[in-house]
Amino acid sequence: MSVSYQDLINVPTFGKKRESTFEEDRGELAFWCRDCEKIVEAVHLPPVKIKKKMRKNRYSCPECRGEHISISSEAGLRDKYKIK
């Protein structure tokens, strides 16, 4: 069975916008330390050149001095890392 253009334009939902599940206000950025597993106020470190690439966005945890920091909204971090 082949589908023609006429069949496609007669679809009742053609041209209608879908309802978006995207939230405009997602909250402030939060930093998650993967070493001590806490939401922290990370310290921005100066950029460092590693081989040919420049690492500009480096952060450090003020509590454990670890550099494994994830950046997202608080809601995103809670979903990803199962924070209560």
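The values are calculated or read from the model by the stated rules, or taken from the named source; none is laboratory data. Keep in mind that what you see is a predicted model, and the values were worked out from it rather than measured. Reconstructed Cβ throughout: ideal geometry from the backbone, glycine too, with neighbour counts over all protein chains shown.
Of all residue pairs spaced 6 or more apart or on separate chains, those with beta-carbon atoms under 7 Å, a first member in region 56-72 that is in a loop (DSSP other than H, G, I, E, B) and a second member that is among the aliphatic types (A, V, I, L, M) are 61/40; 61/42; 61/69; 62/40; 62/43; 63/40.
If you go through region 42-55 and keep only what is loosely packed, with under 10 Cβ neighbours inside 10 Å and either part of a loop (DSSP other than H, G, I, E, B) or polar (S, T, N, Q) (or both), you end up with 46, 51, 52. Among the residues of region 17-41, those that are among the basic types (Lys, Arg), outside any strand (DSSP E or B) and within 22 Å of residue 82 (Cα to Cα) comprise 26, 34.
Within region 72-83, the presence of a residue that is aromatic (Phe, Trp, Tyr), at pLDDT 70 or above and in contact with a Leu (Cβ under 8 Å, 6 or more places away or on another chain) is excluded. Please state which of the following conditions residue 7 fails to meet, knowing it meets all the rest: (1) in a loop (DSSP other than H, G, I, E, B); (2) at pLDDT below 85. Tallying (1) in a loop (DSSP other than H, G, I, E, B); (2) at pLDDT below 85, residue 7 fails exactly one: (1).
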